Amino acid sequence: MNNHVTTFLFDQLDIRGRYVRLTSEWQQWQTNRHTTPVATQLLGECVAFLVLVASDVKSLGKLTLQLRGHGPVKTLVVQCQIDREDLKLRGMIEAPELKQVNFLSEAFADGDLALTLYNELTQTNYQSIVPIEGDSATQVFADYLSQSVQHPTRLWLMADEQHVSGLLLEKMPDTDAKDPDGWQRINHLASTLTDEELRDCSLDTLLHRLFHEEVIQRYQPTPAIYHCPDERDKLIEVIRSLGQDECERIISEEGRLIMSNELCNRSYVFSLTDVQGIFGIPTKH
């Protein structure tokens with residue numbers, strides 16, 4: 001199923017998996033972005049990873065992934081709003097000179113990965129930061145998961161301008177008790193997965209090709225959507241907080257007041273007439 005993330009369980013092995021595939025939502029995300037193919041791939045792999053992690057978070061809130069360093073990637077941020085019915089995504093990469101990535105640690109020289117969870121109920125932030133060490137995004141994220149969840153995981157990520165896909169397998173506490181060879185067997189079968197299969201195949205097809213002899217239970221998929229609604233009304237409140245004098249000073253110097261949302265690749269322009277209307281000043285005729 002496209003634009004969803006699905007959790008599944010190897011019933012007799014206590015091995016859990018999650019799978020995400022974005023198509024039309026990802027294509028909408030790319031509209032007017034003008035990033036290089038390598039930058040698009042890197043951003044998409046980060047999106048796939050964040051969705052796979054966010055789908056396992058039990059609390060409502062926001063999960064933010066940021067990769068930062070001193071290499072050719074200036075900014076890479078992906079956010080996921082975790083709601084009851086879906087996962088709402090947005091994010092951006094600023095890397096105009098990124099033509100190739102031989103080692104991810106070069107793209108983010110002396111860099112780190114920061115994952116921040118904002119818990120809506122307790123209104124608190126939980127953050128973990130690890131250094132970026134590895135050849136690929138898949139390797140960096142897999143290492144992070146192995147450290148953070150304290151049990152073995154395997155991760156496959158794929159992204160291009162049309163598709164984002166990801167597969168995650170987790171060894172659970174009772175795996176060895178149920179079948180001492182289970183984790184090794186599932187890993188061996190999954191190791192045959194190709195980027196082309198991950199890009200082109202549905203979850204049904206992948207599970208049948210890789211694990212057709214296993215008993216697998218699937219759970220209800222969760223929609224994962226690109227979410228960048230018009231925020232002009234929210235920005236009006238920001239303008240009010242700046243004050244009329246400050247807004248008019250900016251307009252006198254710049255000709256207009258521009259407020260940008262880089263995560264959503266969107267700018268909002270306010271004229272002097274707009275600002276005066278916000279502060280309740282009648283328009284002169």
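Read-outs: derived from the displayed coordinates by stated rules, not from any lab. Just so it is clear, the model here is predicted, and its values are computed rather than measured. Heads up, the Cβs are rebuilt from the backbone with ideal geometry, glycines too, and the neighbour counts pull from every protein chain shown.
With +1 assigned to the C-beta of every Lys and Arg and -1 to the C-beta of every Asp and Glu, and no other charges, what is the dipole magnitude of the chain about the Cα centre in debye, to the nearest 20?
That gives the chain a dipole magnitude of about 540 debye.
Enumerate the lysines that residue 99 could reach by cross-link, defined here as Cα to Cα under 27 Å, with residues fewer than 8 away along the same chain left out.
74
Could you work out the relative contact order of the chain, using alpha carbon pairs under 8 angstrom and six or more residues apart, expressed as a whole percent?
It comes to 24 percent, rounded to a whole number.
Which angle from 0 to 90°, rounded to the nearest 10, does the C-alpha axis of helix 37-54 make with the longest principal axis of the chain?
70 degrees
Among the aspartates and glutamates, select those whose C-alpha is under 18 Å from the C-alpha of residue 178, and discard any that sit fewer than 8 residues away in the same chain.
Filter leaves 11, 14, 170, 213, 214.
With a 10 Å radius around each residue's Cβ, average the other Cβ atoms per peptide and rank 128-134, 154-160, highest first.
154-160, 128-134
Taking only Cα atoms, what is the 0 to 90° angle, nearest 10, from helix 232-242's long axis to the longest principal axis of the chain?
Between helix and principal axis, roughly 60 degrees.
Which net charge results for the neighbourhood of residue 115, defined as the other residues with beta-carbon distances under 14 angstrom from its beta-carbon, given Lys and Arg at +1 and Asp and Glu at -1?
That sum, taken over residues with Cβ under 14 Å, equals -1.
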